[in-house]
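The values are calculated or read from the model by the stated rules, or taken from the named source; none is laboratory data. Note that this is a predicted model, so its numbers are computed, not measured. In this analysis, Cβ positions are derived from the backbone assuming ideal geometry, glycine residues included, and neighbour counts consider all displayed protein chains.
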Amino acid sequence: MLAFELGWAEWLVRTVAVLGVVLLPAGATVYLYLFKMVSFMQSRLGPMEAGPYGSMQLLAEVGKNLQKEDILPAKADRTIFNLAPYVVLSSTFLLALVVPFGPEAGFASLDTGSFSDRNFDGVGAFYAMAVSSISVIGILMAGWASASKYSLMGGVRAAGQLIAYELPLILAIVGVVIQAGSLSLQGIVYAQYEGEIFGFGAIGNPFIITQFVGFIIFMIAVQAELTQVPFDMPIAESELVSGYMTEYSGFRFLMFFIGEFATANIFAFLASVFFLGGWTVPPFIVDLLGITIDSNWFNLIGPAVMLTKMLLLTFIIYWVRFTYPRFREDQLQKFAWKVLIPISLVNIAITGFLKVAF
Amino acid sequence: MTAVSDRRQLAYVASQAAEARVNLELETEGMTLNIGPQHPATHGTLRIVARLDGEQVIEAEPIMGYMHRGYEKLTEVRTYPQVTTLVNRIDWLGSFANEVPFILACEQLMGIEAPPRAQYIRTILFEMARMAHVTLFLGDLGVQLGAVTPVFYAFRDREHVLNQIESATGGRFHPNFDRIGGVKDDLPAGWISETKLTVKKIRQFCDTVEDLLFGNEIFETRTRGIGVIPADVGLSYGLSGANIRGSGVDWDLRRDAPNGLVYDQADWKVWTHPDGDSFARSWVRLQEVRESCNIVEQLLDNIPKGPIMAKVPRIIKVPEGEAYVATENPLGEMGYYVVSQGELTPFRVKIRSASFSNMSISPWLLKGAYVPDVITILASLYFILGDIDR
């Protein structure tokens, strides 16, 4: 179903829904993990004053940032400086468009067929990988236009890093695409639901089992794409003050902030589509419930399942973030080009070979 | 008819010329980066003017003095007992350790020796100051490398030590507890058993940090082989403390010149590391906290009973003369050169603070380092701005 055939009311609903899908889980993970889990890891309580157990803290932070003065450095390139946060954030929203949340629940699946026909001609995976790299441009713009040495170094570091880690990210997906035999995200979800491991199909074939190497590489690359520790050199608060975000304040800083954490969620959504079976639950549970996988119920259950899987994966992301020290820039590049890319190439070769063999 | 060697020579010349052309084309203008005086990594107001080629430092010059408070001059208008209040604030993390060498120098000039119990209390508090100080270093090292969690553990466990220092002296940060001829008060009731519990907690913290940081591959790749100080270079720059012991020089004033502190009453070990890199310096500090725990535990077991104050005149006038006494402070050798003309106030006090000498190696050490390594090298050299600028 293509989005172009929609009436204005549905356009509006979908726009609001995309905002909700990006912002609400971002708020949830920021509160759950960035505020609370990390505080417990670090033997402190975290925010406790705003609302019960500090649950309104995020609103307070947003309110604070909205009130702040939007400072523009004197020598900054005004237009580009102002534009950069929007470019970064746009990549997040464009990514959220293609994530499937149920047999019919999605915003623009880029599929020409529909789930009930089992017709999965589409390029969702290709599109997702393509738009995920738009944020690099925004970060480079921010780094260059700030007219600050720290920002420039952060921006250049970010560009080098994000380009280096695009490759393992895409190569990890290639294994999944080969195994599923489809570029459509719905097709990948369905392949995992229908698949079986050596004739045992009760849990389907979530690719985290058969593509375990790909999953690990994907998660490492996601960590680097999100510039989270141990790959946070572009921000590196002890070296570069705050990297490309140094000169931003107020609302524009908030947009970078939202971009950072919302993108983490969207990548976790994508990882659960690629590796954890997406919005489906294992076939034996579907049989127990006595419904079919393309029934309308899954448009309700699907989003909840996706949210659960996303929370699991973002937990790992933040856990790693607050445990490890960071690499140096050259060590990071070495790690990408000498370790991750060769391993993912071997993974693709083996996957292709086994796909033909079985 | 050209000989083979000639042809090789020609080829060599041609390649050199080509390379020179390429270098000329690719030559980029260096960037001068001001790290500081306000920068998250300098924990204070240190400024480093670094000339960069890309991310590599060509030249680095530390600019000190933003926090100069003139303590050497101020001592000249303070009576001897008042000076401890000032010197407390030189190295503000290990305050008690700053008082001891000054008091020892005065005692040496006056020919007084503190009673044994006072000497024990001094040594115990001195080592507890080191525990609090280096605990924070171990946490801060993680922050400089991007691991934010250890520092919270460091602050948590340092608080136990500070509580004990506070219950004995009345001051968390600035005890002002050491007196010429002894210490101000005796230990409060129950202090010894509580301190033993604190020592246990610090030991646990050391194990945690060893697990979290020193056993981490990323930490090792970031610190091993980075900022190597050979022993002879370190000695020529006047490095002291864990920085020089990290280069394999077995030199510790606590063992070599105890100067009226009772380190010889405990069984402990001076740790050295042969590598001289950032990892070695940090590792030596980690082991030193453990040794401090050993020393404190043993001294608490054997602390003698008796007076805590020797007989000193009510109005302290230090007889004419000069003395230099140095102790092994948490940051390294800290010494006071006290010149007295027999008056109520010192005639001149020269403070030899460890961080100033430790920092002076930084232009040599930072040359050729990458910007991220500048931060780890500075973190592992471990300086306190108050200790540099006095």
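Given the condition surrounded by fewer than 22 Cβ atoms within 10 Å (Cβ to Cβ) and within 14 Å of another protein chain (Cβ to nearest Cβ), answer yes or no: does some residue in the range B:166-181 qualify? So far as the range B:166-181 goes, no, none of its residues is surrounded by fewer than 22 Cβ atoms within 10 Å (Cβ to Cβ) and within 14 Å of another protein chain (Cβ to nearest Cβ). Every condition in (1) in a loop (DSSP other than H, G, I, E, B); (2) modelled with pLDDT of 85 or more; (3) of a type in the set (Val, Ile, Thr); (4) under 23 Å from the mean Cα position of the chain (by Cα) holds for B:Thr45 except the one numbered (2).
If B:Ala97 satisfies all but one of (1) out of contact with any strand residue (DSSP E or B) (no Cβ under 7 Å at 6 or more places or on another chain); (2) among the hydrophobic types (A, V, I, L, M, F, W, C); (3) under 22 Å from B:Phe137 (Cα atoms), what's the number of the condition it fails? Among (1) out of contact with any strand residue (DSSP E or B) (no Cβ under 7 Å at 6 or more places or on another chain); (2) among the hydrophobic types (A, V, I, L, M, F, W, C); (3) under 22 Å from B:Phe137 (Cα atoms), B:Ala97 violates only (1). Against the conditions (1) in contact with a Gly (Cβ under 6 Å, 6 or more places away or on another chain); (2) over 18 Å from B:Ala97 (Cα atoms), B:Ile316 satisfies every one except (1).
Of the candidates A:Val356, A:Val320, the single residue that is over 25 Å from A:Phe93 (Cβ atoms), touching a Pro at 6+ places or on another chain (Cβ under 8 Å) and β-branched (Val, Ile, Thr) is A:Val320.
Scanning the range A:75-92 for residues that are loosely packed, with under 15 Cβ neighbours inside 10 Å and modelled with pLDDT under 85 gives a single hit, A:Lys75. The condition of being in a loop (DSSP other than H, G, I, E, B) and over 17 Å from A:Ile343 (Cα atoms) holds for only one of A:Ile203, A:Ile188, that being A:Ile203.
One residue stands out among those in the range B:205-236 that are surrounded by 15 or more Cβ atoms within 10 Å (Cβ to Cβ) and among the charged types (D, E, K, R): the one that is nearest to the other protein chains (Cβ to nearest Cβ), which is B:Arg222.
Picking from B:Leu138, B:Leu162, which residue would you name as being modelled with pLDDT under 90 and not aromatic (Phe, Trp, Tyr)?
Working: B:Leu162 fails: modelled with pLDDT under 90.
Result: B:Leu138 is the single residue among B:Leu138, B:Leu162 that is modelled with pLDDT under 90 and not aromatic (Phe, Trp, Tyr).
Scan the range A:25-46 for residues that are of a type in the set (A, V, I, L, M, F, W, C) and farther than 14 Å from A:Gln57 by Cα and jot them down.
Taking the range A:25-46 first, the residues of a type in the set (A, V, I, L, M, F, W, C) are A:26, A:28, A:30, A:32, A:34-35, A:37-38, A:40-41, A:45.
Selection gives A:Met37, A:Val38, A:Phe40, A:Met41.
Within the range A:254-358, which helices (runs of 4 or more DSSP H) (wholly inside it) include 1 or more residues that are closer than 30 Å to A:Asp70 by Cβ, within 14 Å of another protein chain (Cβ to nearest Cβ) and touching a helix residue (DSSP H, G or I) at 6+ places or on another chain (Cβ under 6 Å)? Passing ranges, in order: A:298-321.
Evaluate the following for A:Phe327: is it surrounded by fewer than 16 Cβ atoms within 10 Å (Cβ to Cβ) and either in contact (Cβ under 8 Å) with a residue 24 or more places away in the chain or touching a His at 6+ places or on another chain (Cβ under 9 Å) (or both)? I'd like the intermediate steps shown before the answer.
Numbers: surrounded by fewer than 16 Cβ atoms within 10 Å (Cβ to Cβ): no; either in contact (Cβ under 8 Å) with a residue 24 or more places away in the chain or touching a His at 6+ places or on another chain (Cβ under 9 Å) (or both): yes.
Judged against the criteria, A:Phe327 is not a match.
Quick one: in the range B:355-377, of everything that is part of a helix (DSSP H, G or I) and within 16 Å of B:Ser247 (Cα to Cα), which residue is farthest from the other protein chains (Cβ to nearest Cβ)?
So the first thing to find is which residues in the range B:355-377 are part of a helix (DSSP H, G or I), and the list is B:355-359, B:362-366, B:371-377.
Restricting the remaining residues to those that are within 16 Å of B:Ser247 (Cα to Cα) gives B:357-359, B:362, B:364-365, B:377.
Details: B:Ser357: 24, B:Asn358: 19, B:Met359: 18, B:Ser362: 16, B:Trp364: 21, B:Leu365: 17, B:Ile377: 12 Å.
Out of the qualifying residues, it is B:Ser357.
B:Gly335: more than 14 Å from chain A (Cβ to nearest Cβ), among the small types (Gly, Ala, Ser) and not in a loop (DSSP other than H, G, I, E, B), yes or no? Considered against the rule, which asks whether it is more than 14 Å from chain A (Cβ to nearest Cβ), among the small types (Gly, Ala, Ser) and not in a loop (DSSP other than H, G, I, E, B), B:Gly335 comes out as yes.
Can you confirm whether A:Ile209 is in a helix (DSSP H, G or I) and either more than 14 Å from every other protein chain (Cβ to nearest Cβ) or among the basic types (Lys, Arg) (or both)?
Details: in a helix (DSSP H, G or I): yes; either more than 14 Å from every other protein chain (Cβ to nearest Cβ) or among the basic types (Lys, Arg) (or both): yes.
In short, yes.
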